[in-house]
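Notes to accompany the following structure.
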């Protein structure tokens with residue numbers, strides 16, 4: 001498809017997007033929340049060779065090497081003195097962060113609602129929370145501005161941002177991204193009010209998202225996955241059809257695999273970046289084979305992957321609704337990239353480019369449908385922080401909506417055929 005074809009497709013989608021907004025339902029958002037401490041990697045690069053300690057020189061050098069290789073992602077660093085030292089060199093700015101908060105913020109900007117798990121109700125933290133985000137207060141969901149202040153601030157998560165084509169210490173990143181660094185394991189949110197209220201409201205919720213397990217120490221993983229798994233079971237028993245697990249980057253494959261072994265079979269949906277998919281499943285296999293393989297292995301109904309220029313999903317449910325979910329996610333993420341904060345899209349971003357996905361836009365493999373769309377791509381966005389989470393927010397907006405399948409039916413999907421085998425797997429059944 002040409003860029004003009006994709007642009008026209010998004011223009012046709014915009015009226016449907018507004019219908020999804022009008023039909024939005026509550027999304028339950030747990031269990032990672034934090035203050036993001038956002039550094040300019042370019043500002044740190046300017047100090048390379050003049051940083052106070054050899055550890056600082058090594059750390060910034062490693063960040064620059066990742067950026068030059070086009071690698072963003074997330075990792076754990078054992079360097080307790082690092083945050084204060086780096087802040088003394090290039091003072092950061094702070095913002096409310098975490099997958100659940102970013103999703104709820106994006107939904108709130110559209111007039112939809114996300115209920116966030118948040119234990120730290122200190123004045124400092126609540127001062128960073130957008131007023132559209134809902135928190136649990138006893139048996140009520142209240143705007144963050146009305147929540148009772150309590151507790152002490154938690155240490156922040158550190159984010160190092162950089163931009164495509166802008167030299168840093170002689171290195172030029174090929175893509176804009178960010179590197180998230182955890183200097184300790186923050187763990188998951190323990191918010192008893194959220195736990196109780198989310199179950200009580202599950203009958204009215206259209207979807208839920210769980211995340212943050214990459215911040216859990218391996219020794220605590222069994223206990224925490226069982227705690228959250230019990231909530232997932234309760235939500236699903238009360239009618240939440242889509243419970244989405246956002247993967248993220250893990251310090252070790254052992255921690256990631258331990259989490260998936262305990263929680264992967266209890267959720268209905270799994271999402272990740274392309275780099276996370278490449279780390280999880282054999283990159284020698286096709287995108288389709290990997291997505292369907294994960295779905296079969298964990299008994300999922302939906303698996304999605306997001307890259308800079310495209311997004312794709314395998315689903316057992318309505319493929320037209322899944323296509324619209326992908327387009328909604330790509331649209332609001334690209335508009336956030338242009339504006340720097342979540343906004344309500346009225347059009348695709350000025351200057352956005354559209355590149356065909358590396359797989360067909362619609363395929364069937366037995367009972368599985370695979371759909372892919374181009375994402376409006378900005379080479380030099382104002383921010384890349386939270387874009388994957390904002391994409392997930394758009395997906396859940398559509399998937400959680402009342403009557404979403406009827407909205408999606410306005411533009412049908414045409415398949416070239418129906419395969420019964422992908423790679424070495426035989427796929428049985430019939431697509432819905």
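Name the residues in the range 240-250 that are surrounded by 18 or more Cβ atoms within 10 Å (Cβ to Cβ) and not in a strand (DSSP E or B), would you?
Selection gives 240, 247, 248, 249, 250.
Just to be sure, is residue 212 touching a residue at least 40 places away in the same chain (Cβ under 8 Å) and closer than 24 Å to residue 387 by Cβ?
The answer is yes for residue 212.
Output the number of the condition that residue 335 fails; it satisfies all remaining conditions of (1) touching a helix residue (DSSP H, G or I) at 6+ places or on another chain (Cβ under 7 Å); (2) farther than 18 Å from residue 370 by Cβ; (3) crowded, with 19+ Cβ neighbours inside 10 Å.
(1)
Scan the range 148-175 for residues that are in contact with a strand residue (DSSP E or B) (Cβ under 7 Å, 6 or more places away or on another chain), assigned to a loop (DSSP other than H, G, I, E, B) and surrounded by 19 or more Cβ atoms within 10 Å (Cβ to Cβ) and report the count.
Counting residues in the range 148-175 that are in contact with a strand residue (DSSP E or B) (Cβ under 7 Å, 6 or more places away or on another chain), assigned to a loop (DSSP other than H, G, I, E, B) and surrounded by 19 or more Cβ atoms within 10 Å (Cβ to Cβ) gives 2.
For the range 301-313, does any single residue satisfy the condition of being part of a helix (DSSP H, G or I) and at pLDDT 95 or above?
Checked the range 301-313: no residue is part of a helix (DSSP H, G or I) and at pLDDT 95 or above.
Would you mind stating whether residue 212 is buried (at least 23 other Cβ atoms within 10 Å of the Cβ) and on the phi > 0 side of the Ramachandran plot?
Considered against the rule, which asks whether it is buried (at least 23 other Cβ atoms within 10 Å of the Cβ) and on the phi > 0 side of the Ramachandran plot, residue 212 comes out as yes.
The values are calculated or read from the model by the stated rules, or taken from the named source; none is laboratory data. On a predicted model such as this, the values are computed, not experimentally measured, just so you know. In this analysis, Cβ positions are derived from the backbone assuming ideal geometry, glycine residues included, and neighbour counts consider all displayed protein chains.
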